[in-house]
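Worksheet: the structure to be examined is printed underneath.
Only the coordinates and a few stated rules stand behind these numbers; no lab work does. Note that the structure is a prediction, hence the values are computed from the model and not measured. Note that we place each Cβ from the backbone using ideal geometry, even for glycine, and neighbour counts take in every protein chain shown.
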Amino acid sequence: MSDINSYRVKQWQPQPRPDWVSRVNEEGTYLDIKSIVPLDEDSLINHAKANTGLSDFGTEDWREAFQVFIKSLNDEADLNLMGRIMTRSDILMYLEARLHLEDAYKRNPEINDVELAPHTLVVGSGRSGTSAMQNLLALDPDNGSPRHWETLFPCPAPEAATYFSDPRIAKADKIATQWERVTPEMASVHEFRGDISTELIHLQAGSFMNGGWLIFCGFTPTFDTYLAKRDNVASLVYAKRMLKLMQWKNPHKRWMLKSPDAMRYLPDLFKVFPDMQLVWMHRDPLKTVSSAVNMVGNILWLRSDQALSDAAIAQITNPAGLAGMFNNVIDQMENGVFPAERMRSVQYMDLISDPINTVAQMYRELGYEFSSTARVAMEKYVRENPREARPPHKYSVGDEAKRAEERKLFERYMTKFSVKTEL
């Protein structure tokens, strides 16, 4: 990989860990942590079965991917003690959620017949405002937007009457905010809470056939190589089953979803969700690349002392990788691989400068009603939650001379969508 595509990664340095985390991890260096906190297939599967009293994981298409993932974690992720504990906990939650999901479908076959409400997916590069947009959209009571708590603990199925008071919210909140307690910089990178919306890749995690959310468990290059040879249909089918369960007793007029990762496999997305509408968030890619390096670095620093790798989520941390992904999507649109009319565009700078009217315009383009209730809720959120209230996200924007060369990679993208430069 050329220096132009990797120098930000090479320069990235983590902040010191909190003292309590450093002490836990130091103690782990004196122990056989792989035996104390095992990440082997039998231990994980047997404990998931014992914890739930269930044994049916559904179709077997996930099993090989799971085996590759676990081996890659053990061989390559170099997890410290705190990281190993957190990763084992996460994997058990995904396995247990899978068991509960299959049990729910078995006991209630009518879930299969749930017709998903009209659905829209917010896409774009990481760090382009996709989360800011989703957080606003989730305030509209007509919209469904999966929350952390129901993704981690999907069963029993969420119900409309208790959706905002379910005791699982508090449990999920302790788990989600643990990331900030272990690596405080995560609070400036992304907001994690039990009640906040989460990404489609979080719903795909239990398939073990998409690495988008599993990167939080550790850096697994062999697993990534394995996944690159497979499509994403099975992981999206699993996510769709999750969405049907979520809608079963908590109906919505529409789903508003988010997945920057889906930019890599939009044809697969339309195979599983043929009626999906898309909203592409556009932002200066040199800003998003710089921010993404810091985000990915902190994600991996959560659980490992390894230096940040060039290959870690290269489609958003590598300018050439990101430009290639953008060009591929543009080619797909222009060649009719998926319906170009399904794709709407929103400029990040417009969302930041005038969020309510930007959302209102997007609703008009999608043919959705922007109710007064939704407008009031969003106005209140914007007024009470300024970005300045969260810790500032500090990161290097890269070398000025190299940025001029990088900028050339994105000429087609920035011209086609009239994306303004921020640097």
inquiry  = Whole-Hz ³J(HN,Hα) for each residue in region 79-87, computed from phi via Karplus 6.51 cos²θ - 1.76 cosθ + 1.60 with θ = phi - 60°, x for glycine and proline: what do you get?
reply    = 6, 7, 4, 4, x, 5, 4, 5, 5
task = Run the dipole for the chain about the Cα centre, Lys and Arg Cβ at +1, Asp and Glu Cβ at -1, nothing else charged, and hand back the magnitude in debye, nearest 20.
result = 600 debye
inquiry  = With a cap of 15 neighbouring Cβ atoms within 10 Å, and only residues DSSP puts in a loop, list the GluC sites (Glu not before Pro) found in region 70-136.
reply    = GLU115
ask   = If you work out Rg/Rh (Cα atoms, Kirkwood Rh) from the coordinates, which of (i) 1.14; (ii) 1.11; (iii) 0.94 do you get?
value = (iii)
ask   = What net charge is computed for the residues neighbouring VAL397, neighbours being all others with C-beta under 14 Å from the C-beta of VAL397, Lys and Arg scored +1, Asp and Glu -1?
value = +3
Relative contact order %, the chain, counting alpha carbon pairs below 8 Å whose residues are six or more apart = 24 percent
ask   = GNM, the chain, Cα, under 10 Å: largest mean-square fluctuation among ALA50, ALA65, ALA132?
value = ALA50
request  = Take the chain, connect every pair of alpha-carbon atoms lying under 10 Å apart with a spring to form a Gaussian network, then pick out the residue of ALA320, ALA205, ALA404 with the largest mean-square fluctuation.
outcome  = ALA404
query = Which of the aspartates and glutamates could be linked to LYS106 by a straight reach, that is with a Cα gap under 13 Å, when you skip same-chain ones fewer than 8 residues away?
reply = ASP56
remark   = About its Cα centre, region 138-236 carries a charge dipole, from +1 on Lys and Arg Cβ atoms and -1 on Asp and Glu Cβ atoms, whose size in debye to the nearest 20 is 380 debye
request  = Answer rounded, prolate or oblate for region 30-144, using the Cα gyration tensor with square roots of eigenvalues a ≥ b ≥ c: rounded when a/c is under 1.5, else prolate when a/b is larger than b/c, else oblate.
outcome  = oblate
message = Take the residue pairs LYS49/LYS240; LYS34/LYS229; LYS229/LYS402; LYS244/LYS271; LYS258/LYS287 and return only those whose Cα atoms are more than 26 Å apart.
response = LYS34/LYS229; LYS229/LYS402
request  = Using a Gaussian network model of the chain whose springs link C-alpha atoms within less than 10 Å, name the residue from LEU278, LEU31, LEU322 with the highest mean-square fluctuation.
outcome  = LEU31
message = If each DSSP helix of 4+ residues adds -39,500 (n - 2.57) and the sum is divided by the residues in the chain, what number results at 222 nm, nearest 500 deg cm²/dmol?
response = -16000 deg cm²/dmol
query = With a 10 Å Cβ neighbour count serving as the proxy for reagent exposure, in which order, fewest first, do MET349, MET281 appear?
reply = MET349, MET281
